[in-house]
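For reference, the structure discussed in these notes is given below.
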Amino acid sequence: MEQLLHYVWKHKLFPLKPLHTTTGQKVEIIDPGLSNPDAGPDFFNAKIKLDGVIWVGNVEIHERASDWKRHHHDQDPTYDSVILHAASDIDAEVKRTNGEPIPQLELHYPPYLLENYQELIQTSHYPACYRLIPHLSPFLLHSWLSSLQTERFEQKTQQIFQRLDFCDRSWEGAFFVTLARNFGFGINSDAFELWAKHIPLAAVNKHRDDLFQIEAIFFGQAGLLQELPADDYTEKLMKEYAYLAHKFDLTPAEDCRWKFLRMRPGNFPHVRIAQLACLYHRSQGMFSRLMELETLQELREIFKGGTSVYWLTHYVFGQPSPSHPKTLSQSSIDLLIINTVVPFLYAYGKHKGEERLCNRASQLLEDLKPENNYITRMWEECGLKAAHAGDSQALIQLKKNYCDSKKCLYCRIGYEYFKKEQKE
């Protein structure tokens, strides 16, 4: 309920009657302040009038006034700047560290707000607001999706910066780890990222002109060369890896739990690693090249790739299959562009202060078709159809960061739902 009180305060959704403190002072909320997600008072720089006198400072909100002392705010100088304490149940006085009392406001809200909130939180339908979506204005939805797309950009940028730190500030290294993760296409993403972090790119670069040696390092580091069926290719691969492992002091990645169950053979880790090896072999300085390419078609050409000859007739080691080129489909290529190239354009643009790169990232998403997955299909059934990949990324952000954790209070669609007194 404290979250709901925060929401009521932030949006000034008070009952239509004069507000007074517990001591009878008339209260006027000029500015509720800036919400603080971190430690300290709940709202910064609020502006209120108490009996006609303007006060500027912080506001703290609790479900019960006695929570002030329970949380030890009476002993924390950080809370001495609080000019108003609001609670739905005023069951105690609140004081600053010097014993000075703080004005208190008994905070209530219209009953329909609580009813709407409980319906959103408790409903078995998903998403809970599905009935409202068809009635919302296109402008509101477009504005919210644009904000969600930017939020997703920023979230992915932080992930890239974390990988950048892991890779000793190497953009090529961070790009390789991110690309490898996305080559897992969800099911094997964690395993691919763990594997990529054990690929010594400085060592691989010394053998970049030899695809077979790249394959030896890639498969060896993946732990897939330990108990192989006997054929000429795998035998040579094991010998080559043993030589390179000794030369560069390599140790295979542990705990790479490769998944095969209910997976199409074209998605097997062996095939994906072979594709990555071929891509790495063909595309020297891949990150730098991708940052400079201007068109979507140029990007797609980079990722078309393929594999070495052995993998034309194999999906795993030692088990021949009918000959079939192991190239990526256009939908898979577009997913790699959406989840790897686009975030790196944005992150690198932020790092370099080059707005053109950030704008190019946004434009690429608008040029690409929306993703087709269970999340986008769910939203389409609710009446919210993605027009392009930027929208589908926004809808994924909406589900994962708001719906899944029931953060309806922070969602603009949730806001529209809350303020409806008559539910459909």
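Only residues that are surrounded by fewer than 16 Cβ atoms within 10 Å (Cβ to Cβ) and of a type in the set (D, E, K, R): list them for the range 152-171, please.
Glu154, Asp165, Asp168, Arg169
For the range 329-350, check the following and say yes or no: at least one residue is at positive phi and either more than 28 Å from the chain's Cα centre (by Cα) or open to solvent by 40 Å² or more (accessible area, probe 1.4 Å) (or both). Explain how you work it out, then say what you get.
First, pick out the residues of the range 329-350 that are at positive phi: none.
Within the range 329-350, none of the residues are at positive phi and either more than 28 Å from the chain's Cα centre (by Cα) or open to solvent by 40 Å² or more (accessible area, probe 1.4 Å) (or both).
Could you check, for the range 276-289, whether at least one of its residues is open to solvent by 20 Å² or more (accessible area, probe 1.4 Å) and under 26 Å from the mean Cα position of the chain (by Cα)?
Our first condition is that a residue be open to solvent by 20 Å² or more (accessible area, probe 1.4 Å); within the range 276-289, this holds for 281-282, 284-285, 288-289.
In the following step, the residues that additionally are under 26 Å from the mean Cα position of the chain (by Cα) were identified as 288-289.
Yes, because at least one residue in the range 276-289 is open to solvent by 20 Å² or more (accessible area, probe 1.4 Å) and under 26 Å from the mean Cα position of the chain (by Cα).
Against the definition (over 24 Å from the mean Cα position of the chain (by Cα), modelled with pLDDT of 95 or more and farther than 24 Å from Asp165 by Cβ), how does Thr313 come out, yes or no?
yes
Given the conditions (1) among the small types (Gly, Ala, Ser); (2) crowded, with 19+ Cβ neighbours inside 10 Å; (3) over 30 Å from Gln155 (Cβ atoms), report the number of the one that Gly305 does not fulfil.
Unmet for Gly305, out of (1) among the small types (Gly, Ala, Ser); (2) crowded, with 19+ Cβ neighbours inside 10 Å; (3) over 30 Å from Gln155 (Cβ atoms): (3).
Just checking, which of Pro134, Pro103 is crowded, with 17+ Cβ neighbours inside 10 Å, out of contact with any helix residue (DSSP H, G or I) (no Cβ under 8 Å at 6 or more places or on another chain) and either under 30 Å from Ile54 (Cβ atoms) or in contact (Cβ under 8 Å) with a residue 12 or more places away in the chain (or both)?
Only one candidate passes the filter, namely Pro103.
Keeping to the range 317-328, report how many residues are open to solvent by less than 30 Å² (accessible area, probe 1.4 Å) and not small (Gly, Ala, Ser).
Number satisfying all stated conditions: 3.
Restricting to the range 57-89, name every residue that is among the aliphatic types (A, V, I, L, M) and either under 16 Å from Phe43 (Cβ atoms) or under 35 Å from the mean Cα position of the chain (by Cα) (or both). Before you say what the answer is, go through the steps one by one.
Of the residues in the range 57-89, the ones among the aliphatic types (A, V, I, L, M) are 59, 61, 65, 82-84, 86-87.
Within the range 57-89, Val59, Ile61, Val82, Ile83, Leu84, Ala86, Ala87 qualify.
Would you please name the residue that is most open to solvent (accessible area, probe 1.4 Å), looking only at residues in the range 63-78 that are in a loop (DSSP other than H, G, I, E, B) and on the phi < 0 side of the Ramachandran plot?
Filtering the range 63-78 for residues that are in a loop (DSSP other than H, G, I, E, B) and on the phi < 0 side of the Ramachandran plot, the one most open to solvent (accessible area, probe 1.4 Å) comes out as His71.
Among the residues of the range 201-219, write down those that are modelled with pLDDT under 95 and touching a helix residue (DSSP H, G or I) at 6+ places or on another chain (Cβ under 6 Å).
The answer is Leu201, Ala203, Val204, His207.
How about the range 179-213: which of its residues are surrounded by fewer than 19 Cβ atoms within 10 Å (Cβ to Cβ) and aromatic (Phe, Trp, Tyr)?
Selection gives Phe185, Phe212.
Taking only the range 246-270 into account, find how many residues are out of contact with any helix residue (DSSP H, G or I) (no Cβ under 6 Å at 6 or more places or on another chain) and either over 27 Å from Ser329 (Cα atoms) or crowded, with 20+ Cβ neighbours inside 10 Å (or both).
9
Tally time: how many residues in the range 108-131 are surrounded by 17 or more Cβ atoms within 10 Å (Cβ to Cβ), of a type in the set (Phe, Trp, Tyr) and either assigned to a loop (DSSP other than H, G, I, E, B) or modelled with pLDDT of 95 or more (or both)?
Here the count works out to 2.
Mind checking whether some residue in the range 47-56 is more than 36 Å from the chain's Cα centre (by Cα), farther than 24 Å from His11 by Cβ, surrounded by fewer than 22 Cβ atoms within 10 Å (Cβ to Cβ) and among the aliphatic types (A, V, I, L, M)?
From the range 47-56, those more than 36 Å from the chain's Cα centre (by Cα) are 48-55; that's our starting set.
Checking the rest, the ones that are also farther than 24 Å from His11 by Cβ come to 51-53.
Checking the rest, the ones that are also surrounded by fewer than 22 Cβ atoms within 10 Å (Cβ to Cβ) come to 51-53.
Narrowing further to those that are among the aliphatic types (A, V, I, L, M): 53.
Yes, the range 47-56 contains at least one residue that is more than 36 Å from the chain's Cα centre (by Cα), farther than 24 Å from His11 by Cβ, surrounded by fewer than 22 Cβ atoms within 10 Å (Cβ to Cβ) and among the aliphatic types (A, V, I, L, M).
With the range 337-424 as the region, which helices (runs of 4 or more DSSP H) entirely inside it contain at least 1 residues that are farther than 25 Å from Arg300 by Cβ, of a type in the set (D, E, K, R) and touching a Leu at 6+ places or on another chain (Cβ under 7 Å)?
It comes to 412-418.
Which condition from (1) in contact with a strand residue (DSSP E or B) (Cβ under 7 Å, 6 or more places away or on another chain); (2) open to solvent by 20 Å² or more (accessible area, probe 1.4 Å) is the one that His314 breaks?
(2)
Sort out for me the helices (runs of 4 or more DSSP H) sitting completely within the range 249-306 that have 1 or more residues that are at pLDDT 90 or above, under 16 Å from Ile217 (Cβ atoms) and among the hydroxyl-bearing types (Ser, Thr, Tyr).
Fully inside the range 249-306 and qualifying: 269-282.
For (1) under 17 Å from Lys156 (Cα atoms); (2) part of a helix (DSSP H, G or I), each residue gets a yes or a no:
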| site | (1), (2) |
| --- | --- |
| Val177 | yes, yes |
| Ala180 | yes, yes |
| Phe219 | no, yes |
| Leu225 | no, no |
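The values are calculated or read from the model by the stated rules, or taken from the named source; none is laboratory data. All figures in this text were calculated on a predicted structure; none of them were measured in a lab. Counting neighbours? That spans all protein chains shown, and the Cβs are built from the backbone with ideal geometry, glycine included. SASA here: full protein model, heavy atoms, side chains in, ligands and nucleic acids out. Shrake-Rupley method; radii C 1.70, N 1.55, O 1.52, S 1.80 Å.
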